Amino acid sequence: METGVVILIGLFFTVAVYLMLSQQLVRMLLGIAILGNAVNMLIFTNGRLIREVPPLIPEHLYSPDVATANPLPQALVLTAIVISFSFFAFLLVLAFRAYQELGTDGVNEMRLAEPEDDQTPPQGY
């Protein structure tokens, strides 16, 4: 089961990088969301994927005697899901406001600080 999940994580990372290298904001936002999901799955997989044994320790032992799933990555992923969703919502509102103000979602057309007809700065003194 872990091999299939690792392949899926690699696919998520590949798709996320491809989308983030796009020239449109909507594709970049989807790439960021997929990248967050890939990182969450990576953290979750590092905590071992075992379905048969719950992470409970018997009373007479100090540590489990069989391999169990680690609950710490599960708690970290739960927190990371909330943070990545709020980050995505912020970026979505930011991209929407940029589209309203500039009328485009292409990053090359959003270069207000670098006008195309402006002279180049001096190269020497």
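The values are calculated or read from the model by the stated rules, or taken from the named source; none is laboratory data. Source: prediction; values computed, not measured. Positions of Cβ are generated from backbone atoms using ideal geometry, with glycine treated the same way; all protein chains shown enter the neighbour counts. The accessibility values were calculated without ligands, DNA or RNA, using every heavy atom of the protein model including side chains. Shrake-Rupley method; radii C 1.70, N 1.55, O 1.52, S 1.80 Å.
Selection of the range 31-61 for residues being open to solvent by 80 Å² or more (accessible area, probe 1.4 Å) and either farther than 29 Å from L19 by Cα or at pLDDT below 75 (or both) yields R48, R51, E52, L56, I57, E59, H60.
Residue pairs whose Cβ atoms lie under 7 Å apart, sitting 6 or more positions apart in sequence or on different chains, and linking a residue in the range 18-47 that is within 11 Å of V107 (Cα to Cα) to a partner that is open to solvent by 60 Å² or more (accessible area, probe 1.4 Å) and hydrophobic (A, V, I, L, M, F, W, C), are M28/M20. With respect to (1) out of contact with any helix residue (DSSP H, G or I) (no Cβ under 8 Å at 6 or more places or on another chain); (2) open to solvent by 40 Å² or more (accessible area, probe 1.4 Å); (3) in a helix (DSSP H, G or I), the lone exception for P64 is condition (3). Go through the range 67-125 and count every residue that is over 30 Å from I57 (Cβ atoms), part of a helix (DSSP H, G or I), open to solvent by less than 100 Å² (accessible area, probe 1.4 Å) and in contact (Cβ under 8 Å) with a residue 12 or more places away in the chain. So the count comes out to 6.
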